[in-house]
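The values are calculated or read from the model by the stated rules, or taken from the named source; none is laboratory data. What you see is a predicted model; the values in this text were computed from it and never measured. Glycine also receives a Cβ, built like all others from the backbone with ideal geometry; neighbour counts cover every protein chain displayed. Side chains included, ligands, DNA and RNA excluded: accessible areas come from the protein's heavy atoms. Shrake-Rupley method; radii C 1.70, N 1.55, O 1.52, S 1.80 Å.
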Amino acid sequence: MQVFEYGARETGHLKRKDKILAAAMDEIGHIHREVTPDLYAALVRQIVAQQISTKGTVTIWNRMICAFGAISQENMDKAPVSAIQQCGMSMRKASYIKDFTRIVLDGELDLQALHAMPDEELCTRLVQIKGIGVWTAEMLMTFSMQRPNVMSWDDMAIHRGLRMLYRHRKITKALFAKYKRRYSPYASVACLYLWEIAGGGCKGLVDPAPMSEARKRAKAGKRGKEAAIRAEDI
């Protein structure tokens, strides 16, 4: 398994710039986050991962490997779109994977040429492809290419991590830009820690964002179930 590589240079810079983040980094320790160097497989995985949980992504990805073997252009080109969809994703996502595969095989997209492009140019090129948005391009730059200074505005877990760490009720674009400047040129490493914080990696940190109506209903429903269970025990 290959992981995102970082060390004392990156952590030292971030800790000098931000004492609050430094404390969280010390509590969490070194993060071993898996990366996928194969650009084709990485982009397919990011299409799968759009708007679903990490656990859901892993489940679908493992089903795809069992069904098709290596996630390569040749194997996915042979696979019917219905077979891809049956791994647990929407038909739209399955169609995006087929379209992307055909673009690569036809030579419309030179994946290796992406390595020479600056972040913004790479992102602009990829979002021209159906099914690939800014978030997907940014995740490719982070978890395949290991670019050092990526911080995705469209990633809600990063927003949650920022809220929890700095006690903000809402992350505005101005606040987001401030933290990106503070973390640069190692924002990607800072984001590894923000994702961990968002997932409960720091004891005692909670999300101060106002509770949405949906969350209120879910919490009320959970309390109701717990009350019913206690009543049955009496």
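Answer yes if at least one residue in the range 60-74 is among the polar types (S, T, N, Q), surrounded by fewer than 15 Cβ atoms within 10 Å (Cβ to Cβ) and in a helix (DSSP H, G or I), and no otherwise.
Looking for residues that are among the polar types (S, T, N, Q), surrounded by fewer than 15 Cβ atoms within 10 Å (Cβ to Cβ) and in a helix (DSSP H, G or I), one finds at least one in the range 60-74, hence yes.
Yes or no, residue by residue, for (1) in contact (Cβ under 8 Å) with a residue 24 or more places away in the chain; (2) loosely packed, with under 15 Cβ neighbours inside 10 Å:
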| site | (1), (2) |
| --- | --- |
| E10 | yes, no |
| K19 | no, yes |
| M25 | yes, no |
| H32 | yes, yes |
| P37 | yes, yes |
| Q46 | yes, no |
| P80 | no, yes |
| A83 | no, yes |
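Filter the range 2-48 down to the residues that are outside any helix (DSSP H, G or I), at negative phi and not charged (D, E, K, R) and list them by number.
The answer is Q2, V3, F4, Y6, G7, H30, I31, H32, V35, T36, P37.
Filter the range 167-189 for residues that are open to solvent by 30 Å² or more (accessible area, probe 1.4 Å) and hydroxyl-bearing (S, T, Y); which is nearest to E10 (Cα to Cα)?
Out of the qualifying residues, it is Y186.
Conditions first: (1) surrounded by fewer than 14 Cβ atoms within 10 Å (Cβ to Cβ); (2) in a loop (DSSP other than H, G, I, E, B). R92 passes all but one, so which condition is the exception?
(2)
Which of the residues spanning the range 98-121 are open to solvent by less than 60 Å² (accessible area, probe 1.4 Å), closer than 28 Å to C87 by Cβ, part of a helix (DSSP H, G or I) and of a type outside the set (S, T, N, Q)?
K98, F100, I103, V104, L111, L114
Among the residues in the range 158-180, are any outside any helix (DSSP H, G or I), aliphatic (A, V, I, L, M) and within 20 Å of the chain's Cα centre (by Cα)?
Yes; the residues of the range 158-180 include at least one that is outside any helix (DSSP H, G or I), aliphatic (A, V, I, L, M) and within 20 Å of the chain's Cα centre (by Cα).
Would you mind telling me which numbered condition in (1) open to solvent by 30 Å² or more (accessible area, probe 1.4 Å); (2) assigned to a helix (DSSP H, G or I); (3) under 30 Å from Y186 (Cα atoms) M139 fails?
Just one mismatch for M139, condition (1).
With respect to the numbered conditions (1) open to solvent by 30 Å² or more (accessible area, probe 1.4 Å); (2) farther than 30 Å from P185 by Cα; (3) assigned to a helix (DSSP H, G or I), which one is the sole condition not fulfilled by T124?
Unmet for T124, out of (1) open to solvent by 30 Å² or more (accessible area, probe 1.4 Å); (2) farther than 30 Å from P185 by Cα; (3) assigned to a helix (DSSP H, G or I): (2).
When Q51 is evaluated against the numbered criteria (1) in a helix (DSSP H, G or I); (2) closer than 25 Å to A177 by Cα; (3) free of Cβ contacts under 8 Å to residues at least 12 places away in the same chain, which criterion, by number, is the only one it fails?
Result: Q51 passes all but (1).
Pairs please, first residue from the range 88-111 and more than 19 Å from T57 (Cα to Cα), second anywhere and open to solvent by less than 40 Å² (accessible area, probe 1.4 Å) and outside any helix (DSSP H, G or I), Cβ atoms under 6 Å, 6+ apart in sequence or on different chains.
These pairs meet every condition: I103/L109.
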